[in-house]
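Q: Mind having a look at this structure? Questions to follow.
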Amino acid sequence: MKFLITFGTFIFTTSLLMLIGEVFSISILRFNYEYMNDDTGFEISVGSIMPFVIGIAMGAIVEKMYEHSVKKHA
């Protein structure tokens with residue numbers, strides 16, 4: 001159960017931040033991926049990972065809150 005809550009929080013937070021980044025054109029919250037081959041003119045570009053970092057942090061915070069709540073009610 002703890003895993004589902006933590007993972008769900010990560011997915012929800014990351015998705016929400018990416019949506020906000022796309023809607024309001026906030027570059028630090030947008031995830032852009034570009035790939036260009038043009039016959040071995042290989043080029044790759046990746047965007048911001050900030051939504052993922054914030055999502056992991058929120059998942060850890062919610063996990064600690066959940067553990068504290070379970071210990072308190074046990």
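The values are calculated or read from the model by the stated rules, or taken from the named source; none is laboratory data. From a predicted model like this one, the values you see are computed outputs, not experimental measurements. SASA here: full protein model, heavy atoms, side chains in, ligands and nucleic acids out. Shrake-Rupley method; radii C 1.70, N 1.55, O 1.52, S 1.80 Å.
Q: With every protein chain present, what is the per residue accessible area of the chain (1.4 Å probe, Å²)?
A: Using a 1.4 Å probe on heavy atoms only, each residue of the chain averages 78 Å².
Q: Roughly how many whole Å is it from the C-alpha centroid of the range 5-54 to that of the range 57-74?
A: Their Cα centres are 28 Å away from one another.
Q: Can you tell me the 0 to 90 degree angle between the C-alpha axis of helix 2-23 and the longest principal axis of the chain, rounded to 10?
A: 40 degrees
Q: Continuing with this model, one more query. Which percent of the accessible area of the range 19-67 is formed by carbon and sulfur heavy atoms (probe 1.4 angstrom)?
A: 66 percent
Q: Now for a different question. Against the longest alpha carbon principal axis of the chain, how many degrees, from 0 to 90 and to the nearest 10, is the axis of helix 50-73 turned?
A: 10 degrees
Q: At 222 nm, what value in deg cm²/dmol follows for the chain if DSSP H runs of at least 4 each add -39500 (n - 2.57) and the sum is divided by all its residues, to the nearest 500?
A: Computed ellipticity for the chain at 222 nm equals -22000 deg cm²/dmol.
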